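The values are calculated or read from the model by the stated rules, or taken from the named source; none is laboratory data. None of the values given here were measured: they were computed from a predicted structure. A quick note on method: Cβ atoms are made from the backbone with ideal geometry, for glycine too, and the neighbour counts reach across all protein chains shown. The area values use the complete protein model at the heavy-atom level, side chains included, leaving out ligands, DNA and RNA. Shrake-Rupley method; radii C 1.70, N 1.55, O 1.52, S 1.80 Å.
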Amino acid sequence: MKKYNTILFDLDGTLTDPGEGITNSVVYALKKFNIKIKDKSELNKFIGPPLLQSFMNYFSFSKNDAQTAVKFYREYFSEKGIFENKLYNGITLLLEKLKKSNKKIVIATSKPEVYAKRIAEKFKIIKYFDYIAGAELNGDRTNKSEVIEYALKKISISNKNDAIMVGDREYDIIGAKLCRLDCVGVLYGYGSYDELFNAGATYIVKDIKELSNLLT
């Protein structure tokens, strides 16, 4: 395989497991619309794609209602949900290895950048990253391809053959391909093998050990 000197990581489902916080935040938002959820695992599909589209796609909200739902979501998420999260075992060691190998490491997430930075600080991994790129709170730059391009620009990367995107959902793979980047799909997150394969992942790994071997 090629050698990559710039590694872009998705956040949710790739570096951290945010399932509890995200689903609790969605439940909170839906309650405001008198929608009750019996099984929170049904809401795992919210992990990965931009929130606005998810409320519109999965609950047939109008754009205005979806925007209101996002506001309600953030009421819970900004205070509680952001911390109902955990770092995947082995991620810190992987980041240390990459940093010692003089790799440039970036977070590229559709989550608002301000939240991504708070999460990286909470888990004491912020020191490993050359930049943390995310969406704006006003809804700008939520598509993964936009985030990736923004991240590459911020760290002055012009040679895309030297960079690779790591993520757990098809949105990460599609975003990387639109930006002409190679990409790794990870199976320990919230996407399936079929999802990642059909999206066109360059590589698919089952766990963080395999990911580490591939990147280092």
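Numbers for the structure displayed
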item	result
Value of [θ]222 nm, deg cm²/dmol, for the chain, DSSP H segments ≥ 4, -39500 (n - 2.57) each, nearest 500	-12500 deg cm²/dmol
Cross-link partners of residue 99 among lysines (Cα-Cα below 16 Å; sequence separation of 8 or more within a chain)	3, 124, 127
Folded to 0 to 90 degrees: helix 144-154 orientation relative to the chain principal axis, Cα	50 degrees
Rounded to whole Hz, the Karplus (6.51, -1.76, 1.60) HN-Hα couplings of the stretch 191-205, x for glycine and proline	x, 9, 4, 4, 4, 6, 5, 5, 6, x, 4, 5, 9, 10, 10
Computed E for residue 130/residue 83 - FRET, C-beta separation, R0 30 angstrom, nearest 0.05	0.75
Probe 1.4 Å, protein heavy atoms only - accessible area per residue of the stretch 91-194 in square angstrom	45 Å²
Tilt relative to the chain, helix 113-122 - C-alpha long axis, 0 to 90 degrees, to 10	70 degrees
Protection proxy ranking, peptides 66-74, 109-117, 83-91, average beta carbon neighbours within 10 Å, highest first	109-117, 66-74, 83-91
With every protein chain in place, the chain: carbon and sulfur % of accessible area (1.4 Å)	46 percent
Under 9 Å, Cβ to Cβ, from residue 22 - net charge with Lys/Arg +1 and Asp/Glu -1	-3
Amide N of the stretch 142-159 lying under 19 Å from the label point, which is placed 7 angstrom from the Cα of residue 178 along Cα→Cβ	142-154
Between 0 and 90°, nearest 10: helix 91-100 axis offset from the chain longest Cα axis	30 degrees
Qualifying trypsin sites (Lys or Arg not before Pro) in the stretch 132-216, DSSP loop, other Cβ atoms within 10 Å at most 11	180, 206
Whole-number accessible area per residue in Å² for the stretch 1-89, which is evaluated in the context of all protein chains at 1.4 Å	50 Å²
Peptides 118-131, 18-31 ordered by average Cβ neighbours within 10 Å, highest first	18-31, 118-131
